[in-house]
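Below you'll find the structure, written out as structure tokens, and then a few comments.
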Amino acid sequence: MSPRLRAQVLERVQVAETDLDLDHPARETRSHFEAEACLVIDLLPALRAAERDAPTYALRNTHWNERGNATAARQIAESLARWCVIWRWRVRTQRKTDRLGPIPANRFPGS
């Protein structure tokens, strides 16, 4: 959501942003999937950084605009590229085993 629009909405409903934990859903989702050793690509930091220069969402809409889509695509591509490097290293170093097993959550990009 646009920071400007968020501020307007919070003012209208008389709620301070400090009273909200807007990162809670992302933290809970990331924690759950990392506990299951799943690759997690958190787009929120990249989208927030991009939002400082120009909007990443369509105004009054929860969908990304062209800039938001480009930011998300770039972050996903970079994360997958790092993950593939880790995976290839594990395959080369564990060739003698029949099964690689899960990659520990702390080895994922951004962990």
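Some observations on this one:
- Filtered residues of the stretch 55-74 (kept if among the aliphatic types (A, V, I, L, M) and surrounded by fewer than 11 Cβ atoms within 10 Å (Cβ to Cβ)): Leu59
- Search result, residues across the stretch 14-33 that are surrounded by 10 or more Cβ atoms within 10 Å (Cβ to Cβ) and of a type outside the set (Gly, Ala, Ser): Val15, Glu17, Leu20, Leu22, Asp23, Pro25, Arg27, Glu28, Thr29, Arg30, His32, Phe33
- Scope the stretch 36-54; condition surrounded by 13 or more Cβ atoms within 10 Å (Cβ to Cβ) and part of a loop (DSSP other than H, G, I, E, B); matching residues: Ala37, Cys38, Leu39, Val40, Ile41, Asp42, Leu43
- Taken over the stretch 65-79, the criterion of being more than 12 Å from Ala50 (Cα to Cα) and of a type in the set (Gly, Ala, Ser) is satisfied by Ala73, Ala77, Ser79.
- Glu28 modelled with pLDDT of 90 or more and part of a helix (DSSP H, G or I): yes
- Positions within the stretch 8-36 being touching a residue at least 40 places away in the same chain (Cβ under 8 Å) and within 14 Å of the chain's Cα centre (by Cα), in sequence order: Glu34
- Whichever residue in the stretch 2-25 is touching a Leu at 6+ places or on another chain (Cβ under 7 Å) and part of a helix (DSSP H, G or I) and, among such residues, is modelled with the highest pLDDT: Glu17
- For beta carbons closer than 9 Å, sequence separation of 6+ or different chains, a first residue in the stretch 50-67 that is in contact (Cβ under 8 Å) with a residue 24 or more places away in the chain and a second that is in a loop (DSSP other than H, G, I, E, B) and surrounded by fewer than 13 Cβ atoms within 10 Å (Cβ to Cβ), the qualifying pairs are Tyr57/His63.
- Residues of the stretch 37-85 that are of a type in the set (Val, Ile, Thr) and either under 14 Å from the mean Cα position of the chain (by Cα) or under 12 Å from Ser2 (Cβ atoms) (or both): Val40, Ile41, Thr56, Thr62, Thr71, Ile76.
The values are calculated or read from the model by the stated rules, or taken from the named source; none is laboratory data. This is a predicted model, so every value here is computed, not measured. Please note: Cβ atoms are built from the backbone with ideal geometry, for glycine as well, and neighbour counts cover all protein chains shown.
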